[in-house]
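**Q** Can you read through this structure? Questions will come right after.
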Amino acid sequence: MTSLDTRSAPPPRPGPPPTPRATTIQGDPQAAARRRDANAAAHSPSLMLIMLLATLGAVAYAVFLLDPDHRGDWLPYVLVMVAETILLVLALLAMWTVLSSGYDPRDFAYHQARERLFDTPQVLHDDAAGDPTRWQLYLGERPVTVDVFVTTCGEDVDTIARTVRAAVAVHGEHRTWVLDDGRSDEVRDLATTLGARYVRRLSGGGQKAGNVNHALSIAKGDLFAILDADFVPRPELLVETVPFFVREDVAFVQSPQTYGNMTSLISRGAGYMQAVFYRFVQPGRNRFNAAFCVGTNVVFRRSAVDDIGGMCTDSKSEDVWTSLHLHERGWRSVYIPQTLAVGDAPETIVAYAKQQLRWATGGFEILLQHNPLSRRRELTLDQRLQYFVTSTHYLSGIAPLLLLVVPPLQIYLGLAPMRLDVSPGTWALYYLGFYGLQIAIAFFTLGSFRWEVLLLAAVSWPIYVKAFWNALTGKQQAWSVTGRAGGPTSPFEVVVPQTLCFVFLLVTSVVGVWQYGGDALTNLSVAWNVTNTLILGGFLLTAVREHRAARGSRRAVVPGGVA
Amino acid sequence: MTWTTRLRLAVGVVVVLALCAALTLVLNRRMSQVTAAQATIVAEEVAVGADYAGTIVESHVEPGDDVEQGDPLFTMRSLLLAHDLSIGVVSRKAASYEISRDGQMTVVSPVDGVVSSILSTPGGFVQSGQVVASLYRQGSTTVDARLLLDPADFARIRQGAYVRITLPDQSEVPGEVVSIAVSSTRNMAEAQVVVSSATLDQQAGAGLAQPGTPVVASVELHDSGAMSDVDLAFQRFLQRIGL
């Protein structure tokens with residue numbers, strides 16, 4: 001919290017020029033610590049060293065794989081090469097991006113605008129010193145009007161209430177709007193009670209982007225913030241972001257999605273998976289002017305969105321598309337690795353699958369329909385590369401599928417991806433040179449080893465394959481909101497491929513151990529297969545647990561007549 | 001869980017299990033045979049030469065011709081032989097070749113077989129002891145196969161085991177293990193197996209069945225595992241449906 005939080009601090013002193021203490025962070029050591037926290041490792045010189053070693057490791061591994069002397073049978077070799085190429089190239093590009101993540105987008109203009117964000121005499125004149133929500137925001141001596149949109153679509157009313165209450169309490173004069181696509185009277189009453197405006201559109205379509213576009217026809221503020229119904233904003237949301245707009249070419253300022261519910265295996269996996277993205281990749285993308293919007297915790301400049309004809313509604317991942325269109329029009333984007341709103345990561349397998357399917361489909365759509373490397377795009381080289389990474393990122397989710405098939409190929413058909421005369425020690429050296437150092441990077445950046453991330457990454461391939469297929473065929477998946485509609489669903493609705501794969505790997509492992517029982521230790525493929533079986537088994541255990549919980553809660557609901 | 005999902009799971013599990021079963025049978029087939037890293041057709045070669053230096057007058061065969069024991073191969077005229085005959089050093093009866101009255105010597109095939117090469121043409125002069133023609137002895141055409149085996153698998157090679165020999169044109173010829181020799185390289189047993197094949201013998205010297213032809217030899221290993229009966233039943237089933 002900044003010192004603007006006057007509940008504990010005395011009101012700002014009167015008298016021009018506007019008091020620095022109204023906006024600086026010097027008075028509050030916690031704020032500085034928190035800001036550093038988010039991507040502290042980005043500023044560490046050791047990061048450079050680890051990245052350098054990891055790059056060497058990746059290159060050595062690539063050379064090892066490509067060495068014709070090590071080539072085995074062509075089928076598994078091609079599978080391994082495709083998978084490892086995807087992983088290696090994306091890892092190298094990601095490391096390159098992360099190296100840029102120490103870049104701080106706050107320049108002199110930002111700090112100066114922040115100093116002058118509020119007009120203290122005016123605040124005192126209005127007798128509003130004790131109520132920061134009434135402090136008018138100024139940019140370059142001109143007042144700016146800000147709208148805060150809370151988009152809802154059938155979420156839990158308590159969740160919405162929490163968010164709207166916090167949105168109303170955000171510092172700086174602003175209007176809070178509840179954009180309700182769920183058409184709930186309960187939400188309408190809630191908005192009125194909490195002092196927010198309520199908008200319900202009559203037409204559907206365009207999902208969240210359509211909802212926002214509709215609201216933009218009513219709300220006429222210079223800037224607008226978008227918050228998902230479950231993202232509770234911190235009071236400094238506007239104070240931290242609005243000063244960036246002093247630069248005329250800034251289209252939006254994005255802050256990370258931070259999760260407050262790291263309680264289940266799925267939410268921890270999903271949350272930490274994104275932690276690297278929000279702490280290191282997005283800040284790095286800043287440097288490339290390619291940080292993209294993630295749909296929530298973002299403040300837009302209205303004129304920029306008007307410039308591209310409103311938020312993009314053609315896609316399921318409208319946020320990335322909107323960013324892409326803005327960048328093509330020459331707008332700048334800013335990302336700050338500072339938590340300004342805290343929300344919920346998907347807690348269940350079903351919610352996680354839906355979220356990943358949506359994001360991955362959006363990524364593949366860009367790759368297939370709007371290739372950022374095409375000459376028709378008006379992007380800088382930096383942006384092309386970064387959007388290419390965005391659009392291909394989820395291919396790395398498909399790679400595990402290819403690698404899962406390799407051990408069974410060797411066990412059943414005796415097809416080896418690599419020549420057998422490579423000793424296991426040599427192989428392990430190169431393998432760890434890449435994967436070991438990647439884990440070291442994750443350890444260094446996240447501060448600890450998160451096995452949940454690896455587990456989720458290894459078992460999510462059906463989602464990404466489906467996403468790729470959907471993007472390729474233009475098939476529209478029926479989406480339901482991340483919230484809960486119609487009670488909890490059994491995770492087995494979405495993990496059928498994983499279940500079947502598990503059965504296959506389990507039988508394969510048994511056959512492998514039975515056939516090569518004597519030298520199982522030396523037989524790498526059996527060891528791998530057993531490992532893969534255990535990983536999938538662990539995931540399915542979570543699914544079974546969720547299935548039981550879902551069944552339990554449905555039983556509890558049905559007698560009450562709610563379902 | 002909806003019934004559709006249950007059905008999908010059930011059908012999926014059945015399909016996966018069937019796939020695993022089929023793959024396991026394939027694995028079993030693979031485990032019950034071992035394919036040679038190197039295999040070539042070889043044959044015992046019989047060299048036919050002349051005891052006496054002389055001039056070849058006539059050649060009775062060409063490479064690839066079938067010959068029986070006693071068939072004439074070539075005729076030569078040797079002054080030394082005529083001299084020796086005239087002074088009675090050699091008798092016409094004792095010679096392993098036919099000697100005509102005018103001192104011409106006809107060399108005959110010592111064995112049944114196929115002519116592999118003729119080294120001298122009529123009119124050529126042959127030194128004493130020089131090889132003039134060589135024959136592949138009938139019944140000596142075999143396949144020499146080098147197999148790299150796990151020490152455990154080495155014990156599973158038996159004499160008389162069935163061997164599938166695949167010629168370069170992908171035609172398959174049956175054979176059986178005659179003898180086994182072994183050496184060790186890098187923890188692997190390198191077995192040298194001699195495979196005889198009646199079919200190959202009949203085709204000896206002709207077409208692809210010539211000595212030196214590289215072939216693929218898959219040696220059946222002795223199978224006493226739990227799956228051997230199942231595998232046998234599966235084999236019979238495959239044969240029955242014509243695969």
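Laboratory data are not the source of any read-out in this text; all were calculated from the coordinates shown. Quantities reported herein were computed from a predicted structural model and do not represent experimental measurements. Quick reminder, even Gly has a Cβ in these numbers, built from the backbone with ideal geometry, and neighbours come from all protein chains shown.
**Q** Which FRET efficiency value, to the nearest 0.05, do you get for residue A:262 and residue A:435 by plugging their Cβ-Cβ distance into 1/(1 + (r/R0)^6) with R0 = 22 Å?
**A** Working: r = 25 Å, r/R0 = 1.12.
In this case the efficiency is close to 0.35.
**Q** Another one. Hey, rough spin-label estimate for residue A:249 and residue B:10, points 7 angstrom out along Cα→Cβ, what's it come to in nanometres?
**A** Spacing of the two 7 Å Cα→Cβ label points: 6.4 nm.
**Q** Moving on. Enumerate by residue number the chymotrypsin sites (Phe, Trp or Tyr not before Pro) in segment A:391-461 meeting two conditions: DSSP loop (anything except H, G, I, E, B), and at most 13 other Cβ atoms within 10 Å of the site's Cβ.
**A** Values: sites: A:394, A:412, A:427, A:430, A:431, A:434, A:435, A:443, A:444, A:449, A:451; in loops: A:394, A:449.
Within segment A:391-461, the qualifying chymotrypsin sites (Phe, Trp or Tyr not before Pro) (loop, at most 13 other Cβ atoms within 10 Å) are A:449.
**Q** Further question on the same structure: Can you list residues whose amide H is under 5 Å from residue B:117's amide H, if they're 5+ apart or on another chain and H is modeled 1.01 Å from N?
**A** B:134
**Q** Shifting gears a bit: Relative contact order for segment A:103-347: what percent, with Cα pairs under 8 Å and sequence separation of 6 or more? Before the final figure, lay out the partial values.
**A** Numbers: 485 pairs, mean separation 56.4, N = 245.
Relative contact order for segment A:103-347 comes out at 23 percent.
**Q** Moving on. Could you derive backbone 3J(HN,Hα) for segment B:141-146 from the dihedral phi with the Karplus parameters 6.51, -1.76 and 1.60 (θ = phi - 60°), listing whole Hz in sequence and x where the residue is Gly or Pro?
**A** Going residue by residue, I get 6, 9, 10, 9, 10, 9 Hz, with x marking Gly and Pro.
**Q** What is the order of A:244, A:388, fewest Cβ neighbours within 10 Å to most?
**A** Details: A:244 24, A:388 17.
Least to most surrounded, the residues fall as A:388, A:244.
**Q** Once you place label points 7 Å from the Cα toward the Cβ at residue A:534 and residue B:155, how far apart are they in nm?
**A** So the label points at residue A:534 and residue B:155 sit 3.1 nm apart.
**Q** Efficiency by 1/(1 + (r/R0)^6): what FRET value for residue B:121 and residue B:186, r their Cβ-Cβ distance, R0 = 35 Å, to the nearest 0.05?
**A** Details: r = 49 Å, r/R0 = 1.41.
Calculated value: 0.10.
**Q** For residue B:166 and residue B:84, calculate 0.36 nm times their separation in residues minus their Cα-Cα distance, and state this gained length in nm to one decimal.
**A** Numbers: separation 82, 0.36 × 82 = 29.52 nm, distance 5.31 nm.
Gain in length upon complete extension: 24.2 nm.
**Q** How high is the FRET efficiency between residue B:42 and residue B:223 when r is their beta carbon distance and R₀ equals 35 Å, given to the nearest 0.05? Working shown, then result.
**A** Details: r = 28 Å, r/R0 = 0.81.
Calculated transfer efficiency: 0.80.
**Q** May I pose another question? So for chain A, averaging the separation of alpha carbon pairs under 8 Å that are six or more residues apart and normalising by length, what relative contact order in percent results?
**A** So the answer I get is 17 percent.
**Q** Can you give the calculated 222 nm mean residue ellipticity of chain A, where each DSSP H run of n ≥ 4 adds -39,500 (n - 2.57) and the sum is split over every residue, rounded to the nearest 500 deg cm²/dmol?
**A** Numbers: 22 runs with 291 residues, N = 563.
It lands at -16500 deg cm²/dmol.
**Q** Out of all DSSP beta bridges with both ends in segment A:103-347, state the antiparallel percent to the nearest 5. Intermediate results must be reported in sequence, preceding the final value.
**A** Details: 13 of 34 bridges.
Expressed as a percentage, antiparallel bridges in segment A:103-347 total about 40.
**Q** Name the residue, out of B:217, B:21, B:53, whose mean-square fluctuation peaks in a Gaussian network model built on chain B with Cα pairs under 10 Å.
**A** B:21
**Q** Hey, can you grab everything whose amide H is under 5 Å from the amide H of residue B:74? Only 5+ residues off in sequence or another chain; H modelled, so Pro and N-termini drop out.
**A** Amide H to amide H, under 5 Å and 5 or more residues apart or across chains, residue B:74 pairs with B:60, B:107.
**Q** Let me ask something else. Residues of segment A:243-268 with amide nitrogen under 19 Å from the 7 Å Cα-to-Cβ point of residue A:544?
**A** Within reach of a label on residue A:544: A:265-266.
**Q** Restricting to Cα pairs below 8 Å that are 6+ residues apart, what does the relative contact order work out to for chain B? Please round to a whole percent.
**A** 24 percent.
**Q** Which log10 I(q)/I(0) values does the protein assembly as shown give at q = 0.06, 0.08, 0.11 Å⁻¹ under the Debye formula, counting every alpha carbon as one identical point scatterer?
**A** Those come out to -0.57, -0.81, -1.23, one per q.
**Q** Grab chain A and count how many Lys pairs have their alpha-carbon atoms under 25 Å apart, sequence gap of 8 or more, or different chains.
**A** Close lysine pairs found across chain A: 11.
**Q** Can you work out the Karplus-derived ³J(HN,Hα) for every residue in segment A:454-463? Use 6.51 cos²θ - 1.76 cosθ + 1.60 with θ = phi - 60°, whole Hz, and x for glycine or proline.
**A** For segment A:454-463, the Karplus curve yields 4, 4, 5, 5, 7, 10, 8, 4, x, 4 Hz.
**Q** Would you calculate the separation in nanometres between label points at residue B:194 and residue A:43, each defined as 7 Å from the Cα along the Cα-to-beta-carbon direction?
**A** 8.3 nm
**Q** Right, another one. Quick one: helix A:437-446 against the long Cα principal axis of chain A, what's the angle to the nearest 10°, folded into 0 to 90?
**A** 20 degrees
**Q** Using the Kirkwood formula over every pair of different C-alpha atoms, what hydrodynamic radius in Å results for chain B? Each step should come with its number before you reach the end.
**A** Values: mean 1/r = 0.0451 Å⁻¹.
The Cα-based Kirkwood calculation yields 22.2 Å.
**Q** Show me, for segment B:187-202, the HN-Hα J-couplings you get by feeding each phi into the Karplus relation (A = 6.51, B = -1.76, C = 1.60, θ = phi - 60°), rounded to Hz, glycine and proline as x.
**A** With coefficients 6.51, -1.76 and 1.60, one gets 6, 10, 8, 9, 8, 10, 10, 9, 10, 9, 8, 5, 5, 5, 4, 5 Hz.
**Q** Where does helix A:185-194 land angle-wise versus the long Cα axis of chain A, in degrees 0 to 90, nearest 10?
**A** Once rounded, one gets 50 degrees.
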